[in-house]
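> One structure, pasted below without further comment.
The values are calculated or read from the model by the stated rules, or taken from the named source; none is laboratory data. Keep in mind that what you see is a predicted model, and the values were worked out from it rather than measured. So basically every Cβ, Gly included, is an ideal-geometry build from the backbone, and we count neighbours across all protein chains shown.
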Amino acid sequence: MKRKVTLAASLAAVAALLVTPFTSNASSHREAPAISNDPYADLTDVYAFVASDKPDYVTLIMNAIPYENPMGGPNYYQFDPKVRYQLHIAQAGHNTADITYSVEFQTTVKNPNTFLYQTGPYAKFDDPNLNVQQTATVTKSVKGVGDTVIGTNLPVQPVNIGPHSNPAQIGGQDTTNNAGGISGGPEISAMMNGEGWFFAGQRGDPFFLDLGVFDLLALRPFDSLHKVVQLPNTDGVNSFAGYNVHTIAFQVPITNLTTDGQAAKADGSNSIIGVWATTSRQQTRVLSANGTGDNQSGDWVQIERLGNPLVNEVVVPLGAKDHFNATPPSGDAEFLPAVQNPELPGLINALYGVPVPPAPRNDLVTIFLTGIPGLNQPANVQASEMLRLNMGIAPTAPVGKGNRMGVLGGDNAGFPNGRRPEDDVVDIAIQAMAGATPLTPDFNKSPNNLLGDGVNQSAQPFNAAFPYLSQPYQGFARAGGTATSPTGAP
């Protein structure tokens, strides 16, 4: 009886610890209190990889606006013209940006006297029946050089409403070849000055995770507390199936980002970059008298930041999350204690009885702050949180076909060497927190290397060409959520 009471008390204490940090956010889609109230500036994921069909280019993707219901009319989701979306690249181990791509959007309403997003079927960006359309302006900033506008009036792919509005979109598959359209050929816009290719528009959310993990760290494939035994034929529930995001993607010649302008070297001597994304709003925001709009003015202020997936979610404590989003990587020294002694490994140990490495967790510092020696750690690296990619590592498979466990699965072209859409960053992060990596060999064994949420791939297959992410879910076909499919996957 005494043992049962002690166990119950221990579990209650663990539950109390879990409630505060885990119920206020979910994945990179709502990772901090303030940004969860500003979804149009909320970044969901950042990707950086070299694709096998374009091995001389690096693909950089940032997604925004979490949990887009495809049935979100009549005012469908769009990029916010009052938000500045930016992708930053650091070279040579720096903790500040050497190159930044800034994207700002413009919205045009052709006929303000109708409530309709479309006045008839449309197939592409500039279709006469498309009443609301957006364009993008892209500016490249280079440290010590200045700013250059490299793209203006770039088309933004419209949303996928359904078969009546988008007859070319059948069952989520492309049937036309209209550049810049809802189902569109290359779906890309040439950028100026030899800067490669650009895409902006709605995509099916590529992220995959069972948000049941935030129910006191429940992992569906395992039977119960303190019994890390995999259950047969038990999968997780992909909580992002059926939802869309808005994507900004670049495909840039690798020689534009190497430190010497030459082809990338596998040893990383000229080819390791750090990548992160931010969103900013202007300092002063004033609502109109009738509350229907707002005006912004003043300096731009960073309100969101995302590099490595899941760092702000499960490493940075709740009270520091908004502050993390407002800071640059150069200030990450203040977050070092949270990386060296994160909360999650202790919870894994308490709930599942899995032994984990003791603090200080220098292995996690390597994974999240410096990069892995011999793979994606640049010389003279300045420790800071960003997605580090060695562009000289050749792709191992077409996009969507790489080993989902990335480096842990023997595939050095995957996470944490950059990040591809197919990389199972949730399972990789959970196992890394449990010490199941070569950096802590005593813990790189069962059961540590079995942990995962049971969701191993995105809800839709990826496309073969840039921007690679799947076509957006259509609103007309999307069913409502149910107990077994909370996201209402079609």
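> Mind checking which helices (runs of 4 or more DSSP H) fall wholly inside the stretch 304-347 and carry at least 2 residues that are farther than 18 Å from residue 430 by Cβ?
321-326, 336-340
> With the requirement that a residue be surrounded by fewer than 24 Cβ atoms within 10 Å (Cβ to Cβ) and not charged (D, E, K, R), what does the stretch 408-420 give you?
408, 409, 410, 412, 413
> Sort through 119, 107, 100, 114 and tell me the only one that's in contact with a Ser or Thr (Cβ under 6 Å, 6 or more places away or on another chain) and not small (Gly, Ala, Ser).
After ruling out the rest, the residue left standing is 100.
> Yes or no: residue 52 at pLDDT 50 or above, part of a loop (DSSP other than H, G, I, E, B) and surrounded by fewer than 18 Cβ atoms within 10 Å (Cβ to Cβ)?
Answer is yes for this residue.
> Another one. Residues in the stretch 232-244: is at least one touching a helix residue (DSSP H, G or I) at 6+ places or on another chain (Cβ under 8 Å), surrounded by fewer than 21 Cβ atoms within 10 Å (Cβ to Cβ), modelled with pLDDT under 90 and charged (D, E, K, R)?
So far as the stretch 232-244 goes, no, none of its residues is touching a helix residue (DSSP H, G or I) at 6+ places or on another chain (Cβ under 8 Å), surrounded by fewer than 21 Cβ atoms within 10 Å (Cβ to Cβ), modelled with pLDDT under 90 and charged (D, E, K, R).
> Regarding residue 67, is this residue in contact (Cβ under 8 Å) with a residue 12 or more places away in the chain, in contact with an Asp or Glu (Cβ under 9 Å, 6 or more places away or on another chain), surrounded by fewer than 23 Cβ atoms within 10 Å (Cβ to Cβ) and part of a strand (DSSP E or B)?
Considered against the rule, which asks whether it is in contact (Cβ under 8 Å) with a residue 12 or more places away in the chain, in contact with an Asp or Glu (Cβ under 9 Å, 6 or more places away or on another chain), surrounded by fewer than 23 Cβ atoms within 10 Å (Cβ to Cβ) and part of a strand (DSSP E or B), residue 67 comes out as yes.
> Only one of (1) in contact (Cβ under 8 Å) with a residue 24 or more places away in the chain; (2) out of contact with any Phe, Trp or Tyr (no Cβ under 9 Å at 6 or more places or on another chain); (3) closer than 28 Å to residue 61 by Cα; (4) of a type outside the set (A, V, I, L, M) is not met by residue 309, so which one is it?
It fails just one condition, (2).
> Within the stretch 367-407, how many residues are buried (at least 20 other Cβ atoms within 10 Å of the Cβ), in contact with a Ser or Thr (Cβ under 9 Å, 6 or more places away or on another chain) and either part of a helix (DSSP H, G or I) or basic (Lys, Arg) (or both)?
Final tally of qualifying residues: 4.
> Now for a different question. Determine which member of the set 451, 469, 439 is modelled with pLDDT of 85 or more and within 17 Å of residue 217 (Cα to Cα).
451
Here's the yes/no breakdown for (1) closer than 16 Å to residue 393 by Cα; (2) in a loop (DSSP other than H, G, I, E, B); (3) of a type in the set (D, E, K, R):
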residue	(1), (2), (3)
414	yes, yes, no
417	yes, yes, no
421	no, yes, no
427	no, no, yes
431	no, no, no
438	no, yes, no
455	no, yes, no
460	no, yes, no
